[in-house]
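Read through the structure below, which is laid out as structure tokens, and then see the notes.
The values are calculated or read from the model by the stated rules, or taken from the named source; none is laboratory data. Predicted model, so just to flag it, every value in this text is computed and none were measured. Glycine gets a Cβ as well: all are built from the backbone with ideal geometry, and neighbour counts include every protein chain shown. With ligands, DNA and RNA removed, areas are computed over all heavy atoms of the protein, side chains included. Shrake-Rupley method; radii C 1.70, N 1.55, O 1.52, S 1.80 Å.
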Amino acid sequence: MISKRTVVPAVLVFMLAGHASADDLSDSAQGLCDTVKSCALEQMAEQDLTPEMREMMAPMLDNMCASMREGIKDVPVDHGLYQPAVGCLRSMESLTCEQLQNPDRVTTPECKEYERLVREAGLSRQ
């Protein structure tokens with residue numbers, strides 16, 4: 001089964017990002033989504049799931065990616081947090097599946113910087 005530990009950190013980044021247009025941010029979000037999906041499929045392959053269970057998981061993964069894309073669709077390219085958000089997403093895309101499954105290892109230096117900038121801008125949802 002796909003762990004919340006795999007998906008939650010990735011989704012949080014997208015929620016903090018706000019909204020974005022089809023560009024580097026969308027491309028990096030899709031890249032991270034593809035990585036998370038690949039890791040989830042790899043994890044499912046290691047488990048003894050029935051074909052029916054695997055079929056049920058596919059729409060959930062697709063919906064996760066759609067939600068991520070929806071969450072970033074309107075961020076202007078010239079927004080001050082745009083490039084830091086792209087950097088954070090790209091850095092997360094480069095993580096291994098093991099790192100993505102461990103919430104303590106998901107935060108990259110780029111994401112720490114992005115989170116700092118979000119807090120300074122007063123946009124944090126905490």
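Take the residues in the range 43-52 that are open to solvent by 90 Å² or more (accessible area, probe 1.4 Å) and assigned to a helix (DSSP H, G or I), then tell me which one is farthest from PRO84 (Cα to Cα).
My answer is GLU52.
Please go through the range 101-126 and pick out each residue that is closer than 25 Å to ALA40 by Cα and touching a Leu at 6+ places or on another chain (Cβ under 9 Å).
Answer for the range 101-126, where residues must be closer than 25 Å to ALA40 by Cα and touching a Leu at 6+ places or on another chain (Cβ under 9 Å): ARG105, VAL106, THR108, GLU110, CYS111.
Check GLU55 against each of (1) in a helix (DSSP H, G or I); (2) open to solvent by less than 90 Å² (accessible area, probe 1.4 Å); (3) over 19 Å from CYS97 (Cα atoms) and name the one condition it does not meet.
Tallying (1) in a helix (DSSP H, G or I); (2) open to solvent by less than 90 Å² (accessible area, probe 1.4 Å); (3) over 19 Å from CYS97 (Cα atoms), GLU55 fails exactly one: (2).
Which of the residues belonging to the range 54-86 are more than 30 Å from GLY122 (Cα to Cα) and without any contact (Cβ under 8 Å) to a residue 24 or more places away in the chain?
ARG54, GLU55, MET56, ALA58, PRO59, ASP62
Does CYS111 satisfy being part of a helix (DSSP H, G or I), touching a Ser or Thr at 6+ places or on another chain (Cβ under 7 Å) and either of a type in the set (Ser, Thr, Tyr) or open to solvent by less than 80 Å² (accessible area, probe 1.4 Å) (or both)?
yes
Just to verify a result, which residue in the range 59-87, among those that are open to solvent by 60 Å² or more (accessible area, probe 1.4 Å) and among the hydrophobic types (A, V, I, L, M, F, W, C), is farthest from CYS33 (Cα to Cα)?
Per the stated criteria, the residue is VAL77.
How do the pairs read when you match residues in the range 100-124 that are closer than 25 Å to HIS79 by Cα with residues anywhere that are assigned to a helix (DSSP H, G or I) and modelled with pLDDT under 85, using Cβ under 7 Å and keeping only pairs 6 or more apart or on different chains?
VAL106/PRO9; CYS111/VAL13; VAL118/LEU16
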